[in-house]
Amino acid sequence: MSGSWSSGTGGELAACLAGHAVEFVDRFGSPRPRQFFAPGRVNLMGAHLDYNGGPVMPLAIDRGTFIALRPRADRRVRFASTIAPEAFEADLDHLPTARCGSWADYPLGVLREVLASSDGADVAGLDILFGGNLAVGAGLSSSASICVGTALALSEVWDLDLGTMARVRAALRAEREFVGVRCGIMDPFAIGLAREGSLLWLDCKDESTAHLPLDSGRVSLVVADSGVRRELAAGFFNRRVDECRRAFEILRPGQPDATCLRDILPETLEALRSELGGELERRASHVVGEVARTFEARDALLDGRLGEFGERMSRAHESLRDLFEVSCPELDCLVETAVAQDGVLGGRLTGAGFGGCAVILVRRGAEADAMARVGEVFRARFGRETAVEVYGADSGPREIEP
């Protein structure tokens, strides 16, 4: 029988949001605002497959974005954050048409998308304070969290009645078209379609989904933060997207029915390997191998073979390190130390890589020893501490009543 994942939906989250409401009043005055929460996510399988049309297996987590907002009597909109110093202010009738280069670009992009879909509704200006307990730039999808959460908050406060998929797509368009990150569909889908206690199986080619139970009576998820930060829009991520596109262009003549890199068969890759060259060959090899691993991991999960599921996670990390080249020494240390411990079933970097967090699958009862050893080895090697915590699952974006 499956256990119940712990989640930050109870007293701890309520206490955090109560403090967030106080900060809103300190900045914007009374009365108290309405409040919303949107989770982050970890991805257990399907690394860098979403923009290649492949399958992914993310899980929404019990850390995320806090959004407090209150309508104004005019058409001004003001953004502030408890995490970053920059603020933003504009008139709803004269919003910027280009990004500003700060965190505010993400909610601003969503604001523009929601307004465009509002059919000319007469909406009020807003004061909005963002915050949260989700590490930013750590591979936990803080960007999709703020975007999907903003779409929900605007829909609710403005009585627009946007459905789940409309909010997900508004978030996706904001990040792709306004912020300029050529991301796949996984992150906003993982957050917007979250179901507590379940992984989301998302086939990014046809957008079909299923919720797969992860038995929390048998395993826990531990997240270890490398402390290394990378900004996706700086180019690292977009470069990998372009490399995969170029690899597919070379491979497609050998398999004319293929529509994306996910479709390329191992035999097609083998036949044309020499035409790719070293870098593109490594990128394509990762994608083709990761597609197969992800389907194998799904079968193992559904059969209750959690050890095999964890082993596929670890093999995914090796491929991300050696073929896709998006790991770093800190992440490798976290994963390699973890998987060497008793009770650890597997681990890999989560998110785009280039830094951020590792996610580790641990048998129930083995968490404390594994976490202690990971922290000890990391501290000895890099001379600093790392955050290593057990994360729970989350049920998705929602308004939190006071």
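If the Cβ limit is 6 Å and pairs must be 6+ apart or interchain, which residue in region 326-338 that is more than 16 Å from Asp369 (Cα to Cα) pairs with which residue that is at pLDDT 95 or above and small (Gly, Ala, Ser)?
Correct list of pairs: Glu330/Ser226; Leu331/Ser226; Leu331/Ala358.
From Ala153, Ala174, Ala135, grab the single residue that is touching a helix residue (DSSP H, G or I) at 6+ places or on another chain (Cβ under 8 Å) and not in a loop (DSSP other than H, G, I, E, B).
Ala174
Restricting to region 240-291, what's the tally of residues that are in contact with a helix residue (DSSP H, G or I) (Cβ under 8 Å, 6 or more places away or on another chain), surrounded by fewer than 14 Cβ atoms within 10 Å (Cβ to Cβ) and under 18 Å from Pro55 (Cβ atoms)?
1
Restricting the search to region 341-378, which residues are in a loop (DSSP other than H, G, I, E, B) and within 20 Å of Ser143 (Cβ to Cβ)?
Thr350, Gly351, Ala352, Gly353, Phe354, Gly355, Gly356
Is there a residue in region 383-392 that is crowded, with 18+ Cβ neighbours inside 10 Å, among the polar types (S, T, N, Q) and free of Cβ contacts under 8 Å to residues at least 60 places away in the same chain?
So far as region 383-392 goes, no, none of its residues is crowded, with 18+ Cβ neighbours inside 10 Å, among the polar types (S, T, N, Q) and free of Cβ contacts under 8 Å to residues at least 60 places away in the same chain.
Between residues in region 171-192 that are basic (Lys, Arg) and residues that are surrounded by fewer than 19 Cβ atoms within 10 Å (Cβ to Cβ) and at pLDDT below 95, which pairs lie under 6 Å by C-beta distance while being six or more apart or on different chains?
Close Cβ pairs satisfying both conditions: Arg182/Asn238; Arg182/Val241.
Take the residues in region 186-198 that are in contact with a helix residue (DSSP H, G or I) (Cβ under 9 Å, 6 or more places away or on another chain) and either within 23 Å of Glu401 (Cβ to Cβ) or modelled with pLDDT under 95 (or both), then tell me which one is surrounded by the fewest Cβ atoms within 10 Å (Cβ to Cβ).
The residue in question is Leu193.
What number of residues within region 99-143 are among the small types (Gly, Ala, Ser) and surrounded by 20 or more Cβ atoms within 10 Å (Cβ to Cβ)?
Of the residues in that region, 9 qualify.
Here is a yes/no grid of residues against (1) touching a residue at least 40 places away in the same chain (Cβ under 8 Å); (2) assigned to a strand (DSSP E or B); (3) surrounded by fewer than 15 Cβ atoms within 10 Å (Cβ to Cβ); (4) not basic (Lys, Arg):
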{"position": "Val22", "(1), (2), (3), (4)": "no, no, yes, yes"}
{"position": "Arg32", "(1), (2), (3), (4)": "yes, no, yes, no"}
{"position": "Asn43", "(1), (2), (3), (4)": "yes, yes, no, yes"}
{"position": "Pro58", "(1), (2), (3), (4)": "yes, yes, no, yes"}
{"position": "Ile61", "(1), (2), (3), (4)": "yes, yes, no, yes"}
{"position": "Ala80", "(1), (2), (3), (4)": "yes, yes, no, yes"}
{"position": "Pro85", "(1), (2), (3), (4)": "no, no, yes, yes"}
{"position": "Thr97", "(1), (2), (3), (4)": "no, no, yes, yes"}
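β-branched (Val, Ile, Thr), over 16 Å from the mean Cα position of the chain (by Cα) and assigned to a helix (DSSP H, G or I) - does that describe any residue in region 162-171?
Within region 162-171, one or more residues are β-branched (Val, Ile, Thr), over 16 Å from the mean Cα position of the chain (by Cα) and assigned to a helix (DSSP H, G or I).
Could you tell me whether region 144-160 includes any residue that is among the polar types (S, T, N, Q) and surrounded by 23 or more Cβ atoms within 10 Å (Cβ to Cβ)?
Yes - at least one qualifying residue is present in region 144-160.
Could you grab me the full set of residues in region 99-120 that are basic (Lys, Arg) and free of Cβ contacts under 8 Å to residues at least 24 places away in the same chain?
Within region 99-120, none qualify.
Go through (1) assigned to a helix (DSSP H, G or I); (2) crowded, with 23+ Cβ neighbours inside 10 Å; (3) among the aliphatic types (A, V, I, L, M) for Ala300 and report which single condition fails.
So Ala300 meets the others, but not (2).
Scan region 309-338 for residues that are surrounded by fewer than 22 Cβ atoms within 10 Å (Cβ to Cβ), in contact with a Leu (Cβ under 9 Å, 6 or more places away or on another chain) and in a helix (DSSP H, G or I) and report the count.
Number of matching residues: 4.
Please go through region 353-370 and give me each residue that is crowded, with 24+ Cβ neighbours inside 10 Å and touching a Leu at 6+ places or on another chain (Cβ under 9 Å), ordered by number.
Across region 353-370, the qualifying residues are Gly353, Gly356, Cys357, Ala358, Val359, Ile360, Leu361, Val362.
Which condition number in (1) over 30 Å from Arg381 (Cβ atoms); (2) touching a Leu at 6+ places or on another chain (Cβ under 8 Å); (3) in contact (Cβ under 8 Å) with a residue 60 or more places away in the chain is the one that Val223 fails?
Every condition holds for Val223 apart from (1).
In this structure, does Glu311 turn out to be over 21 Å from Arg41 (Cβ atoms), touching a residue at least 12 places away in the same chain (Cβ under 8 Å) and not small (Gly, Ala, Ser)?
In short, yes.
Can you work out which of the residues in region 199-220 that are in contact (Cβ under 8 Å) with a residue 12 or more places away in the chain and among the charged types (D, E, K, R) is surrounded by the fewest Cβ atoms within 10 Å (Cβ to Cβ)?
Checking each candidate, the answer is Glu207.
The values are calculated or read from the model by the stated rules, or taken from the named source; none is laboratory data. Keep in mind it's a predicted model, so treat the numbers as computed, not measured. Backbone-built Cβ (ideal geometry, glycine too); neighbour counts: all protein chains shown.
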